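Written out below as structure tokens is the structure these notes cover.
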Amino acid sequence: MSITLQQLADKINAQLRGDGSVIITGCATLSEACPGEVTFLANAKYADQLETSRAAAVILCPDDAAKAPDRTVLISDDPYFAFRQAMVHLVGFRAQPDFGLDDKAVIADSVTLGKDCRVGPYAVIDQRAKIGDRCVIYPHVYIGADAVIGEDCILYPQVTVYDRCVLGNRVTLHAGCSIGQDGFGYATHDGAHHKIPLAGNAVIEDDVEMGAHCSVDRATLGSTTIGAGTKFSNGVTIGHGCHVGEHNLYVAQVGLAGSVTTGQYVAMGGKAGIAGHLKIGKLAQIAAFSAVFRDVPDGARVGGVPAQDLSEMWRILSHLQHLPELSKKVRALERKLKSDQ
């Protein structure tokens, strides 16, 4: 769609500085934007591109706008969110295909299917499953017996929701996600590993989105739960019996072992790993590639292997960079001590 810059400023609640009659047709990055497109700057790493960007307007925070007096700008206290809002108005979200109820889908007679659902070819919905209104179920999705899917959910190709698992409203699962598979539960006896029956399920609360190939184990007893508003990137693995808090944010390949509990608004960088039976406090931040072996208190920022206070980790890494030089000095001192004896 096309709107004037002033109209866009009004929609994203930004202050316009410049010609509001300019027509905006799209969004782009600083380096790739063309006339007629809007862009943003939220990371100082890209500030050098501001001068050469061809964008019609740049969304900036007040401080950055003051440093670019000759540019047409949209001033916002949160440029990244303002750009998100611009994307919603100018580009919109992916349009979902209208499968209707495809003849090649397999839907058991005992399934309860809500209004205006779309079920693609070769999707399978098993006995007694309940699907809420306006859900979009892509080809080759499997929904197990007695599973419950809320309203306005989107399940992309190859998603599997095992029996008795529950999805809330507005849940989005990208390609290859698996919800409710058996967890890694075995009792070792006389050298053999004996599988423990998994009597629980997995519950995904409202407004959760998972990237491709995420997996959430069912609980041995009770439920593995993913809190409302939580977002996963690709390849996140949640062990059986975990309770992930509301509005957590996990980057790709994060892994939680069994029975981990996290508070609200926890963030974890890529490939962070959490040992079993730990508690991660609300607002905690776990750096990428960290290995966490003990509880993390509320608001803590940790990193490293094993994970520790982030500022302490950086000090340790700083010292490690000087180890070769320090080793030479130690050897020189040892030689001097021997020669003085």
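The values are calculated or read from the model by the stated rules, or taken from the named source; none is laboratory data. Note that the structure is predicted; figures quoted are calculated from it, not measured. Neighbour counts run over all protein chains shown; Cβ positions are idealised from the backbone, glycine included.
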| remark: Pairs returned, first residue in the stretch 237-260 that is in contact (Cβ under 8 Å) with a residue 24 or more places away in the chain, second residue that is among the hydroxyl-bearing types (S, T, Y) and part of a loop (DSSP other than H, G, I, E, B), beta-carbon separation under 6 angstrom, 6 or more apart or interchain, are H240/T220; G241/S259; V251/S233; A252/S233
| message | Suppose we filter the stretch 154-182 for residues that are closer than 15 Å to I226 by Cα and either in contact with a strand residue (DSSP E or B) (Cβ under 9 Å, 6 or more places away or on another chain) or outside any loop (DSSP other than H, G, I, E, B) (or both); how many remain? | response | 14
| said: Taking the criterion of being among the β-branched types (V, I, T), touching a residue at least 60 places away in the same chain (Cβ under 8 Å) and surrounded by fewer than 20 Cβ atoms within 10 Å (Cβ to Cβ), would at least one residue in the stretch 21-31 satisfy it? | reply: yes
| request: Would you confirm whether any residue within the stretch 130-141 is in a strand (DSSP E or B), surrounded by 19 or more Cβ atoms within 10 Å (Cβ to Cβ) and touching a residue at least 40 places away in the same chain (Cβ under 8 Å)? | output: yes
| Positions within the stretch 198-213 being assigned to a loop (DSSP other than H, G, I, E, B), over 10 Å from the mean Cα position of the chain (by Cα) and farther than 12 Å from C242 by Cβ, in sequence order | L198, A199, E205, D206, D207, A212, H213
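Please go through the stretch 214-232 and pick out each residue that is of a type in the set (S, T, Y) and not in a loop (DSSP other than H, G, I, E, B).
Of everything in the stretch 214-232, those that are of a type in the set (S, T, Y) and not in a loop (DSSP other than H, G, I, E, B) turn out to be S215, S223, T224, T225.
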| Within the stretch 166-180, how many residues are out of contact with any Lys or Arg (no Cβ under 7 Å at 6 or more places or on another chain) and either within 17 Å of T237 (Cβ to Cβ) or modelled with pLDDT under 95 (or both)? | 7
| query | Which one is farthest from A95 (Cα to Cα) among residues in the stretch 183-197 that are of a type outside the set (S, T, N, Q) and part of a strand (DSSP E or B)? | reply | H189
| remark: Checked the stretch 79-124 for anything in a loop (DSSP other than H, G, I, E, B), in contact with a Cys (Cβ under 8 Å, 6 or more places away or on another chain) and more than 21 Å from L173 (Cβ to Cβ); matches are V91
